[in-house]
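See structure below.
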Amino acid sequence: MTGTGSNPELVVERARAEAAEREAQRSQEMQARTEQLLQAQERSHQEHVQQLTAKLEQDRRQLQAEQERALALKLQEQERLLREGFRGEAARLEQQMQNLTQEMSRPTAPPCVVC
């Protein structure tokens, strides 16, 4: 008997080989899906980091603008007080302006971004 279909050992071996091939295919598909999910997560993470960085920069610019406005208002008030003869109040405002100027000139720490 030389027929390949009648040999039970060959049938079992062929079935095992086909099952192993199907399992390998499923494993590859699962690995590909996992890789796609990881890439999507990485893209999402990078977008989130960019959004946070932009928000921090916007907040920093806004704070700087507010400090500059406050300084300008204090300078105007100091000039008015000096014109009106209120030297003590003008000196107090001068100290406040120096403090604000020092605060504005301090280097801001770079944003902490965890990548």
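Results, tabulated for the structure shown:
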| read-out | value |
| --- | --- |
| Number of the exception - residue 111 against (1) at pLDDT 90 or above; (2) closer than 30 Å to residue 50 by Cα; (3) in contact with a Leu (Cβ under 7 Å, 6 or more places away or on another chain) | (1) |
| Selection status of residue 25, open to solvent by 90 Å² or more (accessible area, probe 1.4 Å) and assigned to a helix (DSSP H, G or I) | yes |
| Residue list for the range 81-94, filter: open to solvent by 90 Å² or more (accessible area, probe 1.4 Å) and at pLDDT 80 or above | 83, 84, 92 |
| Filter pass, residue 60 being of a type in the set (D, E, K, R), surrounded by 10 or more Cβ atoms within 10 Å (Cβ to Cβ) and either touching an Asp or Glu at 6+ places or on another chain (Cβ under 9 Å) or farther than 30 Å from residue 87 by Cα (or both) | yes |
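The values are calculated or read from the model by the stated rules, or taken from the named source; none is laboratory data. Given the structure is predicted, the values throughout are model-derived calculations rather than measurements. When we count neighbours, we look across all protein chains shown, and the Cβ atoms used for this are built from the backbone with ideal geometry, even at glycine. Surface accessibility is based on the protein's heavy atoms, side chains included, excluding ligands, DNA and RNA. Shrake-Rupley method; radii C 1.70, N 1.55, O 1.52, S 1.80 Å.
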